[in-house]
Amino acid sequence: MMASATNESTRSGRQGCCNLLVELRVGMAAFLSSGEWPRPGYVPFRIGPVHHRGCMTSTVISFCLSMLIVCGCDAAHGTSGMNAVTYYIDASQGADDNAGTSPETPWKTLARVNAERLRGGDTVLFKRGEHWPDHLIIAAAPRSQSKQAVSIGVYGDGDAPAPVIAMVTIRREKTILDSLTIDQGKHERPLFRMELKHRTTLVDRQPIAASLREEFARQGIDLSSRSVIHSEPGAVQSVVRDPDQQRQFTLSPGEDSLLVFEKGDALRVRGARNCVLRSITLCNGTSDGIDADQADGLLIDSCLIHHFLAGSFTEQHDAHGIVVTRTRGVTVRDTEIHHVSGDCFQTDPYRADPLTNDVLIENCHFWTGPLEQDFNEHWRAGERPGENAIDTKAARDWERADRLRITVRNTVAQGWQKDAYIHDKAAFNMKEKIDALFDGVTVSDCENAFRLRGTRGNAKVTIVNAVIYDCDVAIRAEDNLRDLRVFHTTFGSGIGRLFRDAAMDKQDSAKSTWELRNNLFIRRPMPRTDRINTSAAATQSVVDSRTGVLTLEATNRLADAADFIDAAAHDYRLALQSRLIDTVTSIDLALTDRHGVHRPAAEAADPGAHEHVTAPRQ
């Protein structure tokens, strides 16, 4: 109760200070021109005619500056957070005419939250177990008010489920979104129903009719002046597009009413830097899960993103887990993404300049598999959605663009199997002008573990400490890929082809730039086009385009199932009796194994992704 009383006092005090400052500003302007305050009844004194304007002006200015220092509502709030307020939202028991500053007096709707101008240090808490089928918008704030973060979180019984919101847009820098569920209900979400009075509201390319605009406003949605209706000939539904707010609404007319839906991504970050999305569950959409544009310093931590499906299995449309555009500094950590009809993570789908850069993905699990149940009328149980775990793109003017730097660590990718509708699926589809490092990744159950492409500036890829098994192709190289480096990687069982060339020249000039060292290949029946030749005289490890023979440089090793702890269960740690222990020299780029064990752990390093740890041998 003490905290609630403090919130109430702070909020009312801040509003009173702001009102006083407005009066002072208006009064001082009038005083400087006429020598009188315009509202003597409000200010508790009256200043007479000016006889010594300079002296009296200095007195008034000093007074107003003193009031600014004492009240300082905006400045103090934006910089120190001393006047931070916590707001509570309860869909069942709240009311928008409440103060909103205590669990006993919560607000009710997202429209009320959207209307509040949040300041640095403010917190908005949604009650657990509640549901808002609406759009939460965290509006942009002046840079001076963004020095401290605004936090969006939860309160209430810890055993109750997380509060559910249908859609979120963040435009404010340093916004922290924590522990919410964003569930779009497997379709465009209904916003409201309005009585249909004027069919003219559905005329194509016409401005929004006043009645429809007013109804949107009553729902807390202020359409911009550039919003227009789009209605195709013969179409049952029409669309309202607001280019300024980047929002799109579907209008579905009935006999006497108009049902309004909103179409869009589950969570958008637009022009907001240094935001944190933590412990968020996003699910059941037909667009992207997270779509970030110009969101430098974005952190996505411990999130679950699943079931974003567009189109159908036979005509899959892009609905990605995470899309990042024109953003420098992106970290995705401890996050699971599955069952999306596009990619789990994609950069710059529109190839806009400047490209996204400095991407770190670590300790994540990206996967797909057969749907356990029908998603909607287009996606049925048993169908396997998805194209890639990670996909990169270069700018249209790629020759002038910087290289995209991306690091993927300790991440598992599985499930992108071949089908008749999407060709050359891959866990990691790395193409164009990038510098990519994969360290400690595990790939299985895929058509291609790595699809690496040399077009538009070449994908320079380094793979370290990886484990690959049960894939049709381990590494597919296209378009004269250059500068491929593969170190301390274990190629396990169930791989159809270790390397496959596509659109590579026949002179092997590009492959002469490849470097494969200290890798471990499990011995298995080799297809005619994927034979292994070990040669102590070889200085490089390359696949011959004509014969299909993989010639291994001497530092690589062949292994039998007995060399591993449990090869059948894909446990590729070296067994104590393995003859391969301590047989290679460590490499500067791989001084630790996939579990952080230092190389060499004994006299020399071990081939493959795991460094064997044992008591010192005699």
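Can you list the GluC sites (Glu not before Pro) in region 365-439 that are in a DSSP coil and have 13 or fewer other beta carbons within 10 angstrom?
Details: sites: GLU372, GLU377, GLU383, GLU387, GLU399, GLU432; in loops: GLU372, GLU377, GLU383, GLU387, GLU399, GLU432.
Taking region 365-439 and a limit of 13 other Cβ atoms within 10 Å, the loop GluC sites (Glu not before Pro) found are GLU372, GLU377, GLU399.
Please give the residues of region 359-382, grouped as numeric ranges, whose backbone N is less than 15 Å from a label point set 7 Å along the Cα-to-Cβ vector of GLU315.
377-379
Using a cut-off of 12 Å between beta-carbons, work out the net charge of the residues near ARG384 (Lys and Arg +1, Asp and Glu -1, ARG384 not included).
Details: positive: ARG380, LYS418, LYS425; negative: GLU372, GLU383, GLU387, ASP419, ASP445, GLU447.
Result for the local shell: -3.
Could you give the size of the charge dipole of region 325-468 about its Cα centre, using +1 on the Cβ of each K and R and -1 on the Cβ of each D and E, expressed in debye and rounded to the nearest 20? Mind showing how you got there, number by number?
Working: 20 positive and 23 negative charges, 136 e Å.
Charge dipole, region 325-468, about its Cα centre: 660 debye, nearest 20.
Per-residue counts of other Cβ atoms within 10 Å, averaged by peptide: what ranking do you get for 553-560, 488-495, 298-305, highest first? Present the calculation step by step, with values, prior to reporting the outcome.
Values: 553-560: 18.4, 488-495: 23.2, 298-305: 21.5.
Those peptides, ordered most packed to least, come out 488-495, 298-305, 553-560.
Could you tell me how far the Cα centroid of region 461-523 sits from the Cα centroid of region 407-434, in Å?
14 Å
Determine the gain in length on full extension of the stretch SER92-ARG400; use 0.36 nm per residue of separation and subtract their C-alpha separation, reporting nm with one decimal. Walk me through the intermediate numbers first.
Working: separation 308, 0.36 × 308 = 110.88 nm, distance 5.50 nm.
Value of the extension gain: 105.4 nm.
Which aspartates and glutamates have a Cα lying under 14 Å from the Cα of LYS511, excluding residues fewer than 8 positions away in the same chain?
GLU478, ASP479, ASP483, ASP501, ASP544, GLU553
Could you rank the peptides 451-464, 119-132 by their average count of other C-beta atoms within 10 Å per residue, with the highest value first? Intermediate values should be presented prior to the final figure.
Working: 451-464: 22.5, 119-132: 20.6.
Put in order of decreasing packing, that is 451-464, 119-132.
Among 346-355, 473-482, 83-92, what's the highest-first ranking by average C-beta atoms within 10 angstrom per residue? Numbers along the way, then the final one.
Details: 346-355: 18.7, 473-482: 23.0, 83-92: 20.8.
For the peptides 346-355, 473-482, 83-92, the packing ranking is 473-482, 83-92, 346-355.
So, counting K/R as plus one and D/E as minus one, what does the shell of residues with Cβ under 10 Å around ARG517 add up to?
Numbers: positive: ARG485; negative: GLU515, GLU553.
Around ARG517, the charge tally is -1.
Pairs LYS108/LYS186; LYS186/LYS460; LYS174/LYS460: which are spaced more than 27 Å apart, C-alpha to C-alpha? It would help to have the intermediate numbers written out before the result.
Working: LYS108/LYS186 25 Å; LYS186/LYS460 39 Å; LYS174/LYS460 33 Å.
Beyond 27 Å between Cα atoms: LYS186/LYS460; LYS174/LYS460.
What is the sum of charges, Lys and Arg at +1 and Asp and Glu at -1, for the other residues whose Cβ falls under 11 Å from the Cβ of VAL340?
Working: positive: none; negative: ASP288, ASP318, ASP343, GLU387.
Result for the neighbourhood of VAL340: -4.
Give the calculated FRET efficiency between TYR350 and GLU104 to the nearest 0.05, with a Förster radius of 60 Å applied to their Cβ-Cβ distance. Before the final figure, lay out the partial values.
Working: r = 48 Å, r/R0 = 0.80.
E between TYR350 and GLU104, to the nearest 0.05, is 0.80.
Suppose each label sits 7 Å from its Cα in the direction of the beta carbon; what would the HIS423-HIS570 distance come out to in nanometres?
For the pair HIS423/HIS570, the computed spacing is 2.8 nm.
Computed from the coordinates by the stated procedures, all read-outs in this text should not be read as laboratory data. This is a predicted model, so every value here is computed, not measured. Don't worry about glycine lacking a Cβ; one is built from the backbone with ideal geometry, like all the others, and counts go over all protein chains shown.
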